[in-house]
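Report on one structure; see the data block that follows.
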Amino acid sequence: MLENRFTLSFVNPSENALSRRERQVMDILFRLGKATAQEVLDELPDPPSYSAVRALLVTLETKGLVKHAKESRRYVYSPSVPEKRAKRSALRQLLSTFFDGQPEKLVASLLDPNDQQLSREEIERIRSLIDPK
């Protein structure tokens, strides 16, 4: 899992961390496949200004996560990394930020009955992933 890397350097994880809005934009682009700034704006909850969406897209492009193509007079944006790789990077970020980079602390947090109320079925699915037999 950790052998796959973004095109970004993760020497300083906070430098490349995605903001909530950036994650929302990436989710929209993964779901739609490609979109204009206006289409992204239309999909965002509690949307910011059109200019703010354009700035987000430029930032994501600078980070190497998004690319654009010109179609007629519009820029159409699409993810430049596979969704699976983006999820892995986000998970590494989560582990680094909240769990000292230790997956077992994340799993323990998920299984803590005071924090999370998992059903028996969810716990069994987790067990089967850990020990598929």
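Some points to look at:
- Derived scalar couplings ³J(HN,Hα) [segment 43-53; Karplus, 6.51 cos²θ - 1.76 cosθ + 1.60; whole Hz; x for Gly, Pro]: 8, 6, x, 6, x, x, 6, 4, 4, 5, 5
- FRET E, pair LYS34, ARG85, Förster distance 25 Å, beta-carbon r, rounded to 0.05: 0.90
- Residue exposure proxy: SER109, SER72, ordered by other Cβ atoms within 10 angstrom of their Cβ from fewest to most, comes out as SER72, SER109.
- Estimated FRET transfer efficiency when R0 is 25 angstrom, pair LEU110-ARG23 (beta carbons, to 0.05): 0.80
- In this simple spin-label approximation, LEU129 and ARG54 carry label points 7 Å from Cα along the Cα→Cβ vector, and these lie 4.1 nm apart.
- Reachable aspartates and glutamates, given that their alpha-carbon falls under 16 Å from the alpha-carbon of LYS84 and they are not under 8 places away in the same chain: GLU3, ASP27
- The calculated FRET efficiency for PHE98 paired with ARG74, based on their beta-carbon distance and R0 = 35 Å, is about 0.35.
Since every read-out is calculated from the coordinates, none of them should be taken as a lab result. In this text, all values refer to a predicted model and were calculated from it rather than measured experimentally. Neighbour counts are summed over all protein chains in view; Cβ atoms, including those assigned to glycine, are modelled from backbone coordinates with ideal geometry.
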